[in-house]
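Participant: Handing you this structure, nothing more for now.
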Amino acid sequence: MHHMTLAEIARGLADKKFSSVELTQTLLARIAQLDPQINSFISLTQDLALGQAKAADERRANGESGALLGAPIAHKDLFCTQGIRTSCGSKMLDNFKAPYDATVVAKLAAAGAVTLGKTNMDEFAMGSANESSWYGAVKNPWNLEHVPGGSSGGSAAAVAARLLPAATATDTGGSIRQPAAFTNLTGLKPTYGRVSRWGMIAYASSLDQGGPLARTAEDCAILLQGMAGFDPNDSTSIDEPVPDYSASLSGSLQGLRIGVPKEYFSAGLDPRIAELIHNSIKELEKLGAVIKEISLPNMQHAIPAYYVIAPAEASSNLSRFDGVRFGYRCENPANLEDLYKRSRGEGFGSEVQRRIMVGAYALSAGYYDAYYLKAQKIRRLVKNDFMTAFNEVDIILGPTTPNPAWKLGAKSSDPVAAYLEDVYTITANLAGLPGLSMPAGFVDGLPVGVQLLAPYFQEDRLLNVAHQYQLNTDWHTRTPTGF
Ligand code: GLN
């Protein structure tokens, strides 16, 4: 039962082959048995899940249908869930029970999805390895000595280990696409504003975007359908109609213009990954796509710009965790200043503290123009590069990451080495564009992802291309040994 995709589950439930309660019980037992190996959950919500599954079975018995009705999922632990711990992977919020549901959580619950639990993540979504979580590192099911990617490493490892078919995640600089690549999943970061950020604990508000992590493009379409849409509670949510994503999967790729940026293949990319990317290009050519070399000349400036803008926004967003209003408070503070200092010093881990300091520095008087303003100008150049490219091509294709998943601990003492691994993903966040990563093969037994980028609001095109690719390849069907 645990091998089924969301699409297969929907068919099985509709045909009464099993009930949502049976499926939920099976998966909860599997999580209890296998999750100790990978540490992908921070909280399990058995009672909520069984209640939601029972309600979904009743709704089906009363004639309701829907692809998510009775489907088991989990939420990255930065989506607020009413009455349930929402920790953001931090000691700071270990005692925080959200007083309301995030819009994404509420929408998926209304569609009948069953929440099995809250998944592990890098603290406040800062990281690419899921090693900065206060609840411990997550292990990659493909090789337990390697990282699963981050920051949505818990969602990715859980889905890859077949503990559940799909999960929500968020992507500020790659945190859906990079863990998807590292664990052989399909993950989609939507256009900025497509999915509501209300109730999603903020890291860098102008970059953060929620999206689906699943095994197939078909399942990402199902989950995105339940997440996307205008939300009056989020002032950056965009009031654009949501297409029927599942209906758009079957389009032909005949004549599709794929741009391949020449900058993607320069030094730094593992040549074995480059070869797999070229294989995926050949596969898409067989399906009728036309390949064109393009250029994204400002790509080299994206990492420094991102690592100014994201910490700057984080330093502002995280100022609310002061030991007074909610979250962790130190013992026996001597005075108010001591309360602030020790609550934040003890509640935040080292990567979060580093980013708060970098961000506060970049925003301070005298340095604002030199760092923050300059980074915003680079952001505009990066966006302009994409706008120029999309005049000539329909999608852009390349690697998701320069290397496969590294060993646990390999980069934890060198933050800049980890930042450099984000080179292919962060440009989409700076520009607000949608991006998808899908399985493209293996290097040393570790999965490799190919990334597709599209113009604003063309998530349907990304899903269509990925689905057609997956009808003709079987990388996405491979299962890690032991799971
Ligand atoms: N690795 C990037 C960072 O650490 C991206 C994280 C994310 O997308 N949440 O900021």
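The values are calculated or read from the model by the stated rules, or taken from the named source; none is laboratory data. This structure is a prediction, so every number in the text was calculated from the model and none was measured. Cβ placement follows ideal geometry from the backbone for every residue including glycine, while neighbour counts extend to all protein chains displayed. Side chains are part of the model used for accessible areas, which takes the heavy atoms of the whole protein and leaves out ligands, DNA and RNA. Shrake-Rupley method; radii C 1.70, N 1.55, O 1.52, S 1.80 Å.
Participant: Just tell me which lysines come within less than 20 Å, Cα to Cα, of Lys411; anything on the same chain fewer than 8 places away is out.
Facilitator: The qualifying lysines are Lys139.
Participant: Could you check how much of the accessible area of segment 50-184 is carbon and sulfur, as a whole percent, using a 1.4 Å probe?
Facilitator: 51
Participant: What's the Kirkwood radius of segment 144-197 in Å, using all Cα pairs?
Facilitator: Averaging 1/r across every pair of different Cα atoms and inverting gives 11.2 Å.
Participant: Okay, next question. Per the Cauchy relation, a quarter of the hull surface: what is the mean projected area of the convex hull of the alpha carbons in segment 304-382, in nm²?
Facilitator: Averaged projected hull area, Cα only: 5.9 nm².
Participant: Still on this structure, I have one more. Using only the alpha-carbon atoms of segment 290-329 as identical scatterers, what base-10 log of I(q)/I(0) does the Debye formula give at q = 0.27, 0.28 Å⁻¹?
Facilitator: Normalising to I(0) and taking log10 leaves -0.88, -0.90.
Participant: Would you pull out the residues with amide H under 5 Å of Trp134's amide H, same chain only if 5 or more places away, H placed 1.01 Å from N?
Facilitator: Residues meeting the criterion, in which the H sits 1.01 Å from N, are Ser90, Lys91, Glu123.
Participant: Give the accessible surface of segment 169-212 per residue, rounded to a whole number of Å², with probe radius 1.4 Å and ligands, DNA and RNA excluded.
Facilitator: 9
Participant: Computed on alpha carbon atoms, what radius of gyration and Dmax characterise segment 130-265, expressed in Å?
Facilitator: Values for segment 130-265 (Cα only, Rg and Dmax): 15.9, 49 Å.
Participant: Any idea what log10 I(q)/I(0) is at q = 0.07, 0.10, 0.11, 0.12 Å⁻¹ for the chain, Debye with uniform C-alpha scatterers and no solvent?
Facilitator: Reported log10 I(q)/I(0), two decimals: -0.32, -0.68, -0.83, -1.00.
Participant: Right, here's the next one. In a Debye calculation with equal point scatterers on the alpha-carbon sites of segment 220-332 and no solvent, what is log10 I(q)/I(0) at q = 0.15, 0.16, 0.22 Å⁻¹?
Facilitator: Rounded to two decimals, the profile gives -1.10, -1.13, -1.15.
Participant: Could I ask something else about it? Once the Cα gyration tensor of segment 90-180 is diagonalised, what are the square roots of 5 times its eigenvalues, in whole Å and ordered largest first, as equivalent ellipsoid semi-axes?
Facilitator: Over the Cα atoms of segment 90-180, the ellipsoid semi-axes are 21, 17, 12 Å.
Participant: Turning to a different aspect of this structure: Enter the per residue convex hull volume of segment 1-43, computed from alpha-carbon coordinates, in Å³ rounded to the nearest integer. Mind dumping the intermediate values first?
Facilitator: On the way: hull volume 3.4 nm³, N = 43.
In segment 1-43, the Cα hull volume divided by residue count equals 80 Å³.
Participant: Another one. Sort 19-25, 423-429, 323-329 by the packing proxy (mean of other Cβ within 10 Å over each peptide's residues), most packed first. Please list the in-between numbers first.
Facilitator: Numbers: 19-25: 21.0, 423-429: 27.1, 323-329: 16.6.
Output ranking for 19-25, 423-429, 323-329: 423-429, 19-25, 323-329.
Participant: Filter the GluC sites (Glu not before Pro) in segment 320-390 to those in DSSP coil with at most 16 other Cβ atoms within 10 Å of their Cβ, and list the result. Could you put the intermediate results ahead of the total?
Facilitator: Details: sites: Glu331, Glu337, Glu346, Glu351; in loops: Glu331.
Answer in residue order: Glu331.
Participant: May I pose another question? Can you give the helix-only mean residue ellipticity at 222 nm for the chain, where every DSSP H stretch with n ≥ 4 adds -39500 (n - 2.57) and the sum goes over all residues, rounded to the nearest 500 deg cm²/dmol?
Facilitator: Calculated mean residue ellipticity at 222 nm is -11500 deg cm²/dmol.
Participant: What is the P(r) of segment 25-161, as percent of Cα-Cα pairs per 10 Å bin from 0?
Facilitator: Spelled out bin by bin, segment 25-161 gives 14, 41, 34, 10, 1 percent.
Participant: Right, another one. Starting from the Cα-Cα distance between Lys292 and Leu471, subtract it from 0.36 nm times their residue separation and give me the gain in nm to one decimal.
Facilitator: Between Lys292 and Leu471, full extension yields an extra 62.1 nm.
Participant: If you don't mind, another one. Once the Cα gyration tensor of segment 27-70 is found, what semi-axes does its equivalent ellipsoid get, as square roots of 5 times the eigenvalues, in whole Å, sorted largest first?
Facilitator: On the way: eigenvalues 148, 20, 13 Å².
They are 27, 10, 8 Å, listed from largest to smallest.
Participant: How many percent of the accessible area of segment 328-483 is carbon or sulfur, using a 1.4 Å probe?
Facilitator: Carbon-and-sulfur percentage of accessible area, whole number: 53.
Participant: Over the Cα atoms, compute the radius of gyration (one decimal) and Dmax (the largest Cα-Cα distance, rounded to a whole number) for segment 377-483, in Å.
Facilitator: Expressed in Å, the Cα Rg and Dmax of segment 377-483 come to 15.8, 48.
Participant: Quick check: the distance between the Cα centres of segment 412-481 and segment 233-299, to the nearest angstrom?
Facilitator: If you average the Cα positions of each part, the centres end up 10 Å apart.
Participant: Sticking with this structure for a sec: Using only the Cα atoms of segment 305-347, what are the Rg and Dmax in Å?
Facilitator: For segment 305-347, the Cα radius of gyration and maximum Cα-Cα distance read 12.4, 40 Å.
Participant: How about Lys107: which lysines have a C-alpha closer than 20 Å to its C-alpha, ignoring those fewer than 8 places off in the same chain?
Facilitator: Lys54, Lys76, Lys97, Lys118, Lys189
Participant: Please work out the C-alpha center-to-center distance from segment 115-162 to segment 16-85 and express it in whole Å.
Facilitator: Each part's Cα centre sits 19 Å from the other's.
Participant: Extending each Cα 7 Å along its Cβ direction at Lys16 and Val416, get the distance between those two points in nm, one decimal.
Facilitator: The modelled label-to-label distance comes out at 6.5 nm.
Participant: Which net charge results when you count Lys and Arg as +1 and Asp and Glu as -1 among the other residues whose beta-carbon is under 14 Å from that of Gly482?
Facilitator: Its environment carries a net charge of +2.
Participant: Let me ask another. From zero up to wherever the largest Cα-Cα distance of segment 60-122 sits, split into 5 Å bins and tell me the percent of pairs in each.
Facilitator: Pairs per bin, as whole percents: 4, 19, 25, 21, 13, 9, 5, 2, 1.
Participant: On to the next question. Can you say what percent of the DSSP beta bridges in the chain, counting only those with both residues inside, are antiparallel? Round to 5.
Facilitator: Working: 31 of 44 bridges.
The antiparallel fraction comes to roughly 70 percent.
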